[in-house]
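Heads up: the structure comes next, in structure tokens.
Values in this text are rule-based calculations from the coordinates and carry no lab data. A quick note: this is a predicted structure, and the numbers were derived from the prediction, not measured. As a convention, Cβ positions derive from the backbone with ideal geometry for all residues, glycine included, and neighbour counts pool all protein chains shown.
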Amino acid sequence: IRLTEQKNRFLGMAAHDLRNPLSLILNFSKFILEDAGAQLEEEHLDYLAIIHNQSEFMLDLVNNFLDVSTIESVGMKFNKSVVELKPLISQNFTRNQFLFQKKPIFLHLTCPEYLPPMQIDKSKIEQVLNNLLSNAAKFSMPNSNVFLTVALDDEKVTLSVQDEGPGIPPDEQDKLFKPFSQTSVTSTAGEASTGLGLLITKQIVDGHGGQIWVESEVGKGTSFHFSLPLDKAEQTELPGEETAVSADPPPTAKAITDSTRSTFKILVADDSQINQKMLVHMLARLGHDTAVASSGLAVL
């Protein structure tokens, strides 16, 4: 037990210390790709894209290690509050459209007009949605469809993510929720997988008293479903008809920014000059003015 505790402590410290430099590599490579990509030779652009993609994978791996070490050492902690589920799902759907646009894949949402408020950990349920949707994107071919469907009954809300990918062989499906276990199915564009995402997803759903399961047929795609139980005391309205959101190509980030932009004067407080540069650059791209402070005294 003591060795396990020491291992978890070391893993957590290492993951925490690696997360910041990996975030910097990821963001600065993204800045160069977006700001100077047109000026680079194709070979150098490919190298930079590899740096960006691999640092993104490494950051996901580190974050998953941190989650797993925390779960093993102190158990998964939840910060639950009453949350309006429909806005959470709609906002998550809109953000993930940009991820799907890269391949491109068409993302569809079907959701009841009304969903009751629920006692959940908002950020962790978003983590579940992000994981299931990113997996669907990894294993879908360009110009295929992914369906996010929400169903409501008297006892639970069920969310389903269905893709049109290669499907998972029946004898490999029991590997899906085990640590570092991966199936023989490969992603369609070489995307890497940590083998930890579904384990963490199951821990989150279990911690909400829900269930998660998979349905898949080789050659016909895969559906992941997870349910969250309803608190009967919080149901004050009857569910309405379902509405479907069309899979029109999502607007560009610039269009959204231009339509909602307000310019602010923002104080960036960080004792790392590298972090300062990253934050100032990100805020400048959004049209904001910045001032920088390197200490608490400078902030005051």
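With r as the distance between the Cβ atoms of Lys220 and Lys122 and R0 = 41 Å, compute the FRET efficiency 1/(1 + (r/R0)^6) and round to 0.05. Working shown, then result.
On the way: r = 33 Å, r/R0 = 0.81.
Between Lys122 and Lys220 the formula returns 0.75.
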Problem set entry | Computed FRET value (nearest 0.05) for Ser90 with Gln6, which takes r as the C-beta separation and R₀ as 45 Å | 0.55
For this session: Go ahead and collect, in residue order, the members of region 122-154 whose backbone nitrogen is under 17 Å from a label point 7 Å along the Cα-Cβ direction of Ser81.
Result: 122-127
For this session: Multiply the residue gap between Ala189 and Glu42 by 0.36 nm, knock off their C-alpha separation, and tell me the result in nm, one decimal place.
Result: 51.0 nm
For this session: Classify region 19-173 as rounded, prolate or oblate from the Cα gyration tensor: take a ≥ b ≥ c as the square roots of its eigenvalues, call it rounded if a/c is under 1.5, otherwise prolate when a/b beats b/c and oblate if not.
Result: prolate
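Can you pick out the pairs among Lys124/Lys202; Lys77/Lys202; Lys122/Lys277; Lys80/Lys138; Lys138/Lys220; Lys103/Lys277 whose Cα atoms lie more than 19 Å from each other? Write down the numbers at each step before the final one.
On the way: Lys124/Lys202 11 Å; Lys77/Lys202 14 Å; Lys122/Lys277 31 Å; Lys80/Lys138 30 Å; Lys138/Lys220 15 Å; Lys103/Lys277 30 Å.
Distance filter (> 19 Å) returns Lys122/Lys277; Lys80/Lys138; Lys103/Lys277.
Go through 126-139, 38-51 and give me the packing order, highest mean Cβ count within 10 Å leading.
The most tightly packed comes first, giving 126-139, 38-51.
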Problem set entry | Pairwise label distance in nanometres, Lys175 with Val299, each label 7 Å out on the Cα-Cβ vector | 4.7 nm
